[in-house]
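The values are calculated or read from the model by the stated rules, or taken from the named source; none is laboratory data. Please read these numbers as outputs of a predicted model, since none were measured by experiment. Because the Cβ atoms are built from the backbone with ideal geometry, glycine has one as well, and the counts that use them run over all protein chains shown.
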Amino acid sequence: MYAKVNCACIDGIDGKMIEVEVDVSNGLPQINIVGLPDSAVRESSERVRSAVKNCKFTFPMERITVNLAPADVRKEGASFDLAIAAGILCASGQLSVPLLDQTLILGELALNGEIRPVPGVLSMADQAVKQGIRRIILPVANAEEAGLIEGIALFPLHHLEELKELGTIDKEPAQLINNINNKWGEYSNRLLEREPFTDPPTEEKDSKKDAQYLDYSDVIGQNQAKRALMIAAAGMHNLLFIGPPGSGKTMLIRRLPTILPELTDSEALEVMKVYSVSGKLHDRTRLLRQRPFRSPHHTVSGAGLIGGGSVPKPGEVTLAHRGVLFLDELPEFTRGVLEVMRQPLEDQRVIIGRARAVTRFPADFMLAASMNPCPCGHLGSDSGGAPCTCSSAKIQQYRSRISGPLLDRIDLHVEVPRVSSLAAAGRPLGSLEMRDRVLRAQSRQRARYAGTGIVFNGELAGRMLRRHCRLTSEGERLLEQSFAALQLSLRAYDRILRIARTIADLEDSDDILTEHAAEAVQYRNLDKKFIP
């Protein structure tokens, strides 16, 4: 006999629908799984066999062929277990699941029939809805995650034996999700009453330095650096801080999420898909609201930063999608690792090619980095710090780890000197005041770019850049002189225009004035000073 069950796998961070076809026919007892399965999928035959027997079903002593279609797509993971088991039971006449062609089945099986959670359910549920599927049978641990997708009825199961109960359900999805007397309908309705999620998806969920306790008022002085941070946050521009140890570079950047806007619903869904696929989604019940903040150690590999593996997985640049990627002590990263960021910084996505397929991951992030001016960190220090002990060769070697093309892609280069006097530091500028100005500037951007697909000034390019970043004649002369004097590239010139546009928005100005262009230029004057 023949049965067909809907399942899904992951392609990048998106779901891809897979048909699990099962044929039970006369022949020697065996089970063959075809359709480019990986080791975990091939091993599902043993998990399914044991689970079926331990759940008071009869495993067919016949020839069983399982085809995962389309057959030319590589399948990996244990999410096919439950679908294969359901297909075998339906094909052998032991189970009848109504509306099977409108149902997605996901889950990993334990040998005793328990159903374990699988990664990527959010992406797979979203794709199922797009293709007209309105019912999902899935592990209980994944139910709240799938419930974030509207318009789908959930059947969360603890155990394979519970599949028998589904044979009594013959309601349409629209009726089911509104039926509070039904076990699964109650569960689905409860999910719709969720509250927004505000905790940030950082790499340390229980970090002592919780983001809610960080504030820019903790940083004494450094108003120029805070000004640069407001510009970076308002236009989502890349940022590099250069200064001696103890000047507050790391403190300043780690507080950057406190002045960033919340994720919109569409952005939150994108970010949650990334974390779901990566198995890093700790709270599956509510939409994320705070933007990601990733801070990998400088020993990270190229694959760890950009993503990779035989079956490509998201790297740090993708985990920072719609948020901030912080690279502390930038020159301590190997040059090869830093160079792999060139393409993501330009295209906002990562393309990883393998022999079997090409995988695409989103990587629209703000790069925030810090560095010392030299290996000892005291070069050019004029505030009473220790003298520099580095030779010219060491300084040259240290700085050469950051290539010119990479520096060209960083919009703001800001010197952060030591605070020389506590009395002269003045009143600390706090996160609330900074965030208000950032949100006001971004409100102007949303109104300006409505309907264009652009959200922030940092995304401007081509005709849109020329249209919205017009300068006065005096401002044009200033930029022409700076272009020649600093030997800037055309990419750097465009980035200066974007920064000037953001500065004008922070000042509530519709036009880019000469002083806005002049301030934007000063954030590029480290191109020749620090990088040989």
Test result for ARG255, farther than 28 Å from ASP126 by Cα, crowded, with 19+ Cβ neighbours inside 10 Å and of a type in the set (Lys, Arg):
yes
Failed condition for ALA520, given (1) of a type outside the set (S, T, N, Q); (2) part of a loop (DSSP other than H, G, I, E, B); (3) modelled with pLDDT of 90 or more; (4) buried (at least 21 other Cβ atoms within 10 Å of the Cβ)
(2)
Enumeration of residues in region 471-492 that are modelled with pLDDT of 90 or more and of a type in the set (D, E, K, R):
GLU474, GLU476, ARG477, GLU480
Per the list (1) modelled with pLDDT of 90 or more; (2) over 26 Å from LEU281 (Cα atoms), residue check on ARG356 breaks on (1)
Residue in region 306-362 that is surrounded by the most Cβ atoms within 10 Å (Cβ to Cβ), counting only those that are basic (Lys, Arg) and more than 24 Å from GLY77 (Cβ to Cβ)
ARG322
Give the residue, chosen from LEU122, LEU138, LEU157, that is over 17 Å from ALA8 (Cα atoms) and of a type in the set (A, V, I, L, M).
LEU157
I'd like to know if region 466-473 contains one or more residues that are under 26 Å from the mean Cα position of the chain (by Cα), in a helix (DSSP H, G or I) and surrounded by 12 or more Cβ atoms within 10 Å (Cβ to Cβ).
no
Is there a residue being outside the structural domain of ASP72 (by TED's automatic domain parsing), assigned to a loop (DSSP other than H, G, I, E, B) and either touching a helix residue (DSSP H, G or I) at 6+ places or on another chain (Cβ under 7 Å) or of a type in the set (Asp, Glu) (or both) anywhere in region 331-342?
yes
Could you identify the single residue in ILE149, ILE136 that is crowded, with 24+ Cβ neighbours inside 10 Å and β-branched (Val, Ile, Thr)?
ILE136
Within region 212-261, how many residues turn out to be touching a strand residue (DSSP E or B) at 6+ places or on another chain (Cβ under 8 Å) and outside any helix (DSSP H, G or I)?
9
Restricting to helices (runs of 4 or more DSSP H) lying wholly in region 24-125: which have 1 or more residues that are under 31 Å from the mean Cα position of the chain (by Cα), touching a residue at least 12 places away in the same chain (Cβ under 8 Å) and surrounded by fewer than 19 Cβ atoms within 10 Å (Cβ to Cβ)?
39-42
Which condition from (1) at pLDDT 90 or above; (2) in contact with a Phe, Trp or Tyr (Cβ under 8 Å, 6 or more places away or on another chain) is the one that PRO200 breaks?
(1)
For the subset of region 126-141 comprising residues that are out of contact with any Ser or Thr (no Cβ under 8 Å at 6 or more places or on another chain) and in a strand (DSSP E or B), which member is farthest from ALA83 (Cα to Cα)?
PRO139
Can you go through GLU433, GLU476, GLU459 and tell me which one is without any contact (Cβ under 8 Å) to a residue 24 or more places away in the chain, outside the structural domain of SER247 (by TED's automatic domain parsing), of a type outside the set (Gly, Ala, Ser) and surrounded by 13 or more Cβ atoms within 10 Å (Cβ to Cβ)?
GLU476
On the basis of being farther than 30 Å from TYR398 by Cα, in contact with a helix residue (DSSP H, G or I) (Cβ under 6 Å, 6 or more places away or on another chain), part of a helix (DSSP H, G or I) and not charged (D, E, K, R), does ALA268 make the cut?
no
